[in-house]
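A.B. asks: The structure under discussion is supplied below as structure tokens; questions concerning it will follow.
Only the coordinates and a few stated rules stand behind these numbers; no lab work does. Just so you know, these numbers come straight off a predicted model, no measurement behind them. Cβ: placed from backbone, ideal geometry, glycine included. Neighbour counts: every protein chain shown.
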Amino acid sequence: MIELLDLQQTLHAFAACNDDYDVSMSFGWVHATDGEPMHARFWLPPDEDTAFDDDGEVPAEARALGLRGYLEPGNFAGVIFVQKRQRPLSTVEEYAKALEHYCEHDAFLEVEGVDEALGEATAADRLAARYAGVGADIFTSFDLWLLACADEQLKAAAQHVAHVHQVPVGEALARCRALPLVLGEALDRNRAQVIKDQFGAIGATLQVHGFKPFPWMDAPVLR
């Protein structure tokens, strides 16, 4: 069954992935109907075998719905990322414009006012996005802090910190005695969940700050 999505739903589907690799494993292609992206409908087949028939064409069932090959998943994600890098608080309409420009010109849309050398938003815009709870990537991300650790938990906590920070246990122990301690910043969901579970198992107190991919979404949480 073909599930048609609007652009916002398509953005959410990409944002639900853990990282670029997850994108490549989740979608075989991005198909879309004709017209401007804001008014088009999209289909995200789960693999290339579903995305194309034996002749390498969009399946007849999809063509009957007006769908055609639109972009490779990696290219679609790249367009969204570049737009977000330049304007972190972009709207759905601005993402639509970026996609339309890319498809027409085979080039990323350049947003006025960005740092030309780095191709990214100003520091003020990036700070505004952070205050709005929006991360730097198109995927959910998390900052984790170790806030409290009882004396009987120190040894186990230090072992975990040594592994996370890639430092000797002795240095990790010193860090655990000088809390609060940043365990990780801009971590993907899977990595953040693993760290949270490790420290939760020993009863340590963590602070988890989730960053959403797009400003209109709810703040993400870990289990």
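A.B. asks: Using modelled amide H (1.01 Å from N, peptide plane; none on Pro or chain starts), what sits under 5 Å from the amide H of TYR70, excluding residues fewer than 5 places away?
C.D. replies: Residues meeting the amide H criterion: VAL30, HIS31, ALA32.
A.B. asks: Right, here's the next one. Taking Cα atoms, how many degrees apart are the long axis of helix 73-86 and the longest axis of the chain, rounded to 10 and kept between 0 and 90?
C.D. replies: Taking the Cα atoms of the chain, the angle to 73-86 is about 70 degrees.
A.B. asks: Still on this structure, please answer the following. How far is it, in nm, from the label point at ASP47 to the one at VAL167 when both lie 7 Å from their Cα along the line to the Cβ?
C.D. replies: The answer from the label model is 4.5 nm.
A.B. asks: Next question, about the same structure. Quick query: amide H of LEU183 versus all other amide H atoms, modeled in the peptide plane; which residues come in under 5 Å with a sequence gap of 5 or more or a different chain?
C.D. replies: LEU144, TRP145, LEU146
A.B. asks: Calculate one ³J(HN,Hα) per residue across segment 19-30 by plugging θ = phi - 60° into the Karplus curve 6.51 cos²θ - 1.76 cosθ + 1.60, and present them in order as whole Hz with x for glycine and proline.
C.D. replies: After applying 6.51 cos²θ - 1.76 cosθ + 1.60, I find 6, 4, 4, 4, 4, 5, 8, 9, 10, x, 5, 10 Hz.
A.B. asks: In Å, what is the Rg of the alpha-carbon atoms in the chain, and how long is Dmax?
C.D. replies: So, for the chain, Rg and Dmax equal 21.1, 66 Å respectively.
A.B. asks: Please list, in chain and number order, the residues 5+ apart from THR122 or on another chain whose amide H is under 5 Å from its amide H, with Hs placed from the backbone.
C.D. replies: Counting only residues 5 or more places away or on other chains, the set is ASP115.
A.B. asks: Angle check, please: helix 189-201 long axis (alpha carbons) against the longest principal axis of the chain (alpha carbons), in degrees 0 to 90, nearest 10.
C.D. replies: 30
A.B. asks: Per-residue ellipticity at 222 nm for the chain, helices alone: DSSP H runs ≥ 4 residues times -39500 (n - 2.57), over residue total, nearest 500 deg cm²/dmol? Walk me through the numbers before you get to the answer.
C.D. replies: Numbers: 10 runs with 94 residues, N = 223.
Computed ellipticity for the chain at 222 nm equals -12000 deg cm²/dmol.
A.B. asks: Which ³J(HN,Hα) values, rounded to whole Hz and listed in residue order, are derived for segment 39-47 from phi using the Karplus coefficients 6.51, -1.76 and 1.60 in 6.51 cos²θ - 1.76 cosθ + 1.60 with θ = phi - 60°, glycine and proline given as x?
C.D. replies: 10, 7, 10, 10, 10, 10, x, x, 7
A.B. asks: Answer rounded, prolate or oblate for segment 7-105, using the Cα gyration tensor with square roots of eigenvalues a ≥ b ≥ c: rounded when a/c is under 1.5, else prolate when a/b is larger than b/c, else oblate. Can you show the working numbers first?
C.D. replies: Values: a/c = 2.13, a/b = 1.41, b/c = 1.51.
Judged from the Cα gyration tensor, segment 7-105 comes out oblate (a/c at least 1.5, b/c at or above a/b).
A.B. asks: To the nearest 10 degrees, how steeply does helix 92-105 sit against the main Cα axis of the chain, on a 0 to 90 scale?
C.D. replies: 60
A.B. asks: Can I ask one more? Per residue of segment 140-149, in order, report the coupling 6.51 cos²θ - 1.76 cosθ + 1.60 (Karplus, θ = phi - 60°) as ³J(HN,Hα) in whole Hz, putting x for Gly and Pro.
C.D. replies: Whole-Hz 3J(HN,Hα) from phi for segment 140-149: 4, 9, 9, 9, 10, 10, 8, 9, 8, 8.
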